Structures are given as structure tokens and as C-alpha cells.
Amino acid sequence: MVDTPTIVTGAIVAIGAILSAPVLYKGFSRRGTGVVYEVNFLIQRAPQYSTLLTAITIAASFAAMNGHIPGAPATVLSIKSLLPETVASTISWCGIAILLSGMVFMIGGWYSLGEQFTTDAEVLDGHKVRKDGLLKFVMHPAYSGIIQCILGSAVAALSPIAVCMTLFMVAPLWLNRAKYEEALLLESLGPEYKQYAEDMKWRRLVPKFFPIGV
């Protein structure tokens with residue numbers, strides 16, 4: 001039997017996939033068309049592949065949480081069996097709340113970029129500083145959302161290994177890409193982008209209205 005947090009997580013991911021399909025299609029179609037394009041693996045592919053690997057680990061963790069993986073491997077992937085039911089349920093629902101927030105930031109961030117959204121780090125022809133939508137609150141809402149989605153799903157699956165993968169692999173790689181993109185845009189767009197970044201207090205992943213963050 002599949003528990004409620006698993007069903008809700010799956011439903012949120014499915015709805016997110018449907019909502020993001022149009023903008024992702026356009027983003028992939030623009031990939032590699034920029035006038036400035038970075039080929040470095042750590043910038044372009046490492047964040048994406050690490051996210052995919054962690055997502056696969058999370059899927060396995062949900063399977064373990066619901067009893068589809070027996071024995072010691074299940075405990076390694078998900079600690080649900082080690083926790084009181086109420087505690088496990090509370091933690092899972094907190095993870096779902098983080099996942100929901102992440103979906104808003106990720107999909108909203110893609111749509112906020114509009115015609116300038118591409119799935120790779122590059123500068124498109126006619127690139128301009130965008131300040132609309134979620135870009136009013138944080139410099140890289142989509143990257144923030146990706147990290148939140150993965151972290152929230154890992155927490156919902158009660159998977160310490162997936163949480164660690166998110167915090168120590170996925171998040172640093174996306175943050176590194178964000179910093180690279182900033183340098184690229186500063187060089188390409190000049191003072192206007194610098195002013196935007198200063199207005200955002202250089203908040204890459206955490207909205208500026210929070211007292212702390214990066």
C-alpha cells in the first residue's frame with residue numbers, strides 16, 4: 001500500500017511536469033543557440049546530472065518507505081521504519097511543503113525569464129536584464145526552486161542520503177553555475193545587470209526579504 005505523502009508528492013510532481021512542459025520545450029529548443037556559450041562540464045551538465053541522480057535516489061527512497069524494497073537497503077534509503085508514525089508523517093508533510101514552494105520558484109522562474117530562458121548557461125542574442133515575476137525577489141528563482149524541489153522530496157521520503165546529496169552535491173553545483181552566469185551577464189550586460197544584482201542584495205537562491213541567505 002502506498003502512503004498519502006507518497007501519493008501527494010507524486011501528484012505535485014506530475015502537475016509540475018504538465019505546467020512546465022511548454023516553457024521547458026522552448027528552453028530546450030533554444031539550448032546551444034547563444035552568442036556566448038559555456039562548454040565546461042561542471043557548469044553545464046554536472047548540476048543537471050547530479051539532480052537527476054538524486055531524483056533517482058529519492059524515487060528509490062519512496063519505494064523503500066512504502067515497503068517495496070526489503071531489509072537493510074530500505075533502512076539506508078528511508079528511515080521511516082526507525083521513527084514513530086506521527087514523527088515520520090510530520091517530517092514527510094514538511095518536506096511536501098518545501099516541494100510545493102520549490103515548484104512555485106522553479107516553474108515561476110522559468111516563465112519569468114520568458115524568451116530568454118534556455119536550459120543551459122549562455123547569453124542569447126538580444127539578451128536583456130529581466131526584473132519581472134519572481135526575478136523581483138531573487139536572482140535565480142529557478143535554481144532555488146530546483147534545490148527546494150529535490151530537498152523537499154528527499155525530506156518527504158525520509159531519506160537522509162538524498163538530503164545529504166542535495167545539500168552537499170546538488171546545491172553547491174547549482175550555486176556555482178549561478179555565480180558563473182552572473183559573471184557572464186555582468187560582462188555582457190554591464191552596469192544595468194550590476195545594478196539589478198545590487199538591488200537584489202546579490203541574493204542568488206534565497207529571496208531578499210529573508211534576513212539571511214545566499
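What follows is calculated from the coordinates using simple rules that are stated; it is not laboratory data. If you're wondering where the values come from, they're calculated on a predicted model, not measured in any experiment. A quick note on method: Cβ atoms are made from the backbone with ideal geometry, for glycine too, and the neighbour counts reach across all protein chains shown.
Quick notes on this structure:
- Using bins of 10 Å that start at zero, the share of Cα-Cα pairs per bin across the chain amounts to 9, 32, 33, 18, 7, 1, in whole %.
- For the pair LYS26 and VAL104 in one chain, pulling the backbone fully straight at 0.36 nm per residue adds 26.2 nm over the alpha carbon distance.
- Mean separation of Cα pairs under 8 Å and 6 or more residues apart, divided by the residue count, gives the range 55-169 a relative contact order of 39 percent.
- Rounded to 10°, Cα long-axis angle of helix 85-113 versus longest principal axis of the chain: 20 degrees
- Between GLU115 and LEU167, residue separation times 0.36 nm minus the direct Cα-Cα distance comes to 15.7 nm.
- Estimated FRET transfer efficiency when R0 is 45 angstrom, pair ILE7-TYR37 (beta carbons, to 0.05): 0.65
- In the chain, lysine pairs with alpha-carbon atoms under 27 angstrom apart (chain gap of 8 or more, or interchain): 21
- Net dipole in debye of the chain [+1 Lys, Arg Cβ; -1 Asp, Glu Cβ; about Cα centre; nearest 20]: 160 debye
- Maximal additional length on extending the ASP199-HIS68 stretch stands at 42.2 nm, based on 0.36 nm per residue less the C-alpha distance.
- Taking every alpha-carbon pair under 8 Å whose residues sit at least 6 apart, the chain reaches a relative contact order of 28 percent.
- Spin-label model, LEU186/LYS208: points 7 Å from Cα along the beta carbon direction are separated by 1.6 nm.
- The chymotrypsin sites (Phe, Trp or Tyr not before Pro) of the range 119-214 that meet both conditions, a loop assignment by DSSP and at most 11 other Cβ atoms within 10 Å of the site Cβ, are PHE209.
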